[in-house]
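Each reported figure results from applying straightforward, stated rules to the coordinates on display, with no laboratory input. Worth saying up front: this structure is predicted, and the values here are computed from it rather than measured. Ideal geometry is used to build each Cβ from the backbone, glycine not excepted, and the neighbour counts take in all protein chains shown.
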Amino acid sequence: MNMPMNRIVMDPTTGALGYGIEYGYSAMERLRLAALQGDAMTQLPMLVTPGYEAWKTKESKVGQDVPGEWGDWLARAINWETLTAITLLESGADILVLRHPESLRRVKAAIDELMAVPELA
Amino acid sequence: MALSGIVIYKMLPKTNCKDCGFPTCLAFAMKLAAKQVELSLCPHVSEESKASLSESAAPPIRLVTLSANGHEVKAGNEVVLFRHEKTFYNKPGLFVRVRDNEPAEEIIAKVAPAEAYHVNYVGIDLNLDGFAVESVSDDPATFAQAVEVVREISQRPLILMSHNPEVMTAGLDKAGGKGTMIYGANDENWQEMAGLAKSKGASLAVVSGSMEGLADLTEKIQGQGVEDMVMDPGVRDLGASLAYATQIRRLALKKNYRPLGFPLIVFPGDAGDPARESVLAAQAIAKYAGFIVLDHFTPESIYPLLVLRENIYTDPQKPIQVQPGLYELNGPSASDPLLVTTNFSITYFSVANEVEGAGLPAWLLVTDAEGMSVLTAWAAGKFDAERIAKDVKRFEVMDKIDHRRIIIPGHVAVISGELEEELPGWEIRVGPREAVDLPAFIKQAL
């Protein structure tokens, strides 16, 4: 269709933490490895939507009549989105679409830390 | 990295004497490569060959077990860099740290809820693994006291933290030696710490700021007869943690580099800020940590980490399943809707989540589809009209509901005709394809 490769991104459609994240996580690791080994079709940036996925979960949406072990509702919900995002970041996400500003702050800080390449001793 | 048959063959006598019970040395070598026989079957192998062969037979990353009073947590024995290559085997231990300069009430206030905490996730009971007690006082009596306070509340494995052998000895006396972890040995104290580890049967954490330093220490300590070690490369930020954890795992697996073939212990708690601690802990879970020591314990921060640990360490070839059966959502009455789906955990929880979250009462029949999702199970012939009808009978659904209407997942609309035949007199309704559309469907279409 003559769409230039540098205008295409991939969305591996990942699930949230606890709702299938590991399927997307492993698909992304495999895509990334294939890309680094020269498979041109997988060398497209990966876009993930932890905001959409995490806020769909019961852990994020529901605050009443949930187990006490789930703790504080807002903090839990933000943790759910943040940790979904951080995990996908580790598997190679290039673009992350988030919802809560606090998740955004935490994930941005994490990205800054990850981008500082250390000297290995 | 396992040796190939050819490489092993080169280390055998190559006489084809048959004393091992195999016709040729090559045949024996192949069996050894497949780990189907013991090297001891060959009476003629040289001492040198014996040493190198037993070295390579040992797992690339040492299995270290912390134990106490029937509780166990293990790390190590990993064989892949990426879970999709096979699986990750031993979930990292999650520990909560207290310090001996905190008053006893504070220690109790922290340890008691963490000790009691457990949470259900897809039918699995998740909890923490133990506690770390760190000596800030550098005083043996104070440290021993703190360990005692913890032991009064928790019988779980302990990680004792001090660089002072005297303080460590006092702590070990209260904690018990076997199954405890001593943190840690460094360039100054390794001999004494190794001695303690050996005499008490404890495992030993080795601390150094470089991989070379770690390798040097583990070799020295191994020379003292201590094998159960974990390593702390001393890094505490996200970038360096990832780099060291990856490089160490890579060296252990790809190069069979023994001096770094030990699990890692990490300290997200050193981040100070609970939000950053969570992020570091999540990375540690995904990226090769063996033991993870947290400083903050709250249900809302620990629950997602426990779930993440389950997710990453799930065997990709064995999907998690829920028990087949008839589940009640929001306390349904006999006239409330009946839904059916498969017993793949995520499928079950997607459906249950949506219906429960919307507050709608319903019955959910979960069939045995060997842990496969709806479409996967249907394609494999494990979710069809016959099986659904069978489970309707098996779980005595007709005793619970006063109607005869069942809602099937939209993706298997094609079986509705067959299901009419298997359940004569029943009304078969085709529901939505996606769980997220269930509440609207139940409210508007029934």
Net charge near A:Leu33 (other residues with Cβ under 13 Å of its Cβ; Lys, Arg +1; Asp, Glu -1) is 0
What is the fewest-to-most order of A:Arg32, B:Arg394, A:Arg106 by other Cβ atoms lying within 10 Å of their Cβ? B:Arg394, A:Arg32, A:Arg106
Between segment B:277-331 and segment B:200-253, what is the C-alpha centre distance in whole Å? 26
Over chain A: helical MRE at 222 nm, DSSP H runs n ≥ 4 each giving -39500 (n - 2.57), nearest 500: -14500 deg cm²/dmol
Taking every other residue with Cβ under 13 Å from the Cβ of B:Glu386 and scoring Lys and Arg +1, Asp and Glu -1, one gets -2
To the nearest 20 debye, segment A:5-121 has a Cα-centred charge dipole, built from +1 on Lys and Arg Cβ and -1 on Asp and Glu Cβ, of 340
Tilt, helix A:101-115 to longest principal axis of chain A (alpha-carbon atoms), in degrees rounded to tens, equals 40
Once you have a ≥ b ≥ c as the square roots of the Cα gyration tensor eigenvalues for chain B, tell me rounded if a/c is under 1.5, and otherwise prolate or oblate according to whether a/b is larger than b/c. oblate
Once normalised by the length of segment B:251-388, the mean sequence separation of its alpha carbon contacts under 8 Å that are 6 or more apart gives a contact order in percent of 18
Apply the a/c threshold of 1.5 to the C-alpha gyration tensor of the protein assembly as shown and tell me whether it is rounded, prolate or oblate. prolate
Sequence-separation-based contact order of chain B, relative, with Cα cut under 8 Å and 6+ spacing, percent: 11
Take the alpha-carbon centre of segment B:392-446, take the same for segment B:345-390, and report the distance between them in whole Å. 11
Summing Lys, Arg as +1 and Asp, Glu as -1, what charge do residues with Cβ under 11 Å from the Cβ of A:Thr49 carry, A:Thr49 excluded? -1
Sort segment B:64-312 into rounded, prolate or oblate with this rule: let a ≥ b ≥ c be the square roots of the eigenvalues of the Cα gyration tensor; rounded if a/c is under 1.5, and if a/c is not under 1.5, prolate when a/b is larger than b/c, oblate otherwise. oblate
Give the calculated FRET efficiency between A:Gln43 and B:Asp273 to the nearest 0.05, with a Förster radius of 41 Å applied to their Cβ-Cβ distance. 0.70
Dipole magnitude of segment B:248-335 about its Cα centre, charges +1 at Lys/Arg Cβ and -1 at Asp/Glu Cβ only, in debye to the nearest 20? 820
Note down the magnitude of the dipole of the protein assembly as shown about its Cα centre, charges +1 on Lys and Arg C-beta and -1 on Asp and Glu C-beta and zero elsewhere, to the nearest 20 debye. 1700
How do B:Ile221, B:Ile406 rank when sorted from fewest to most other Cβ atoms within 10 Å of their own Cβ? B:Ile221, B:Ile406
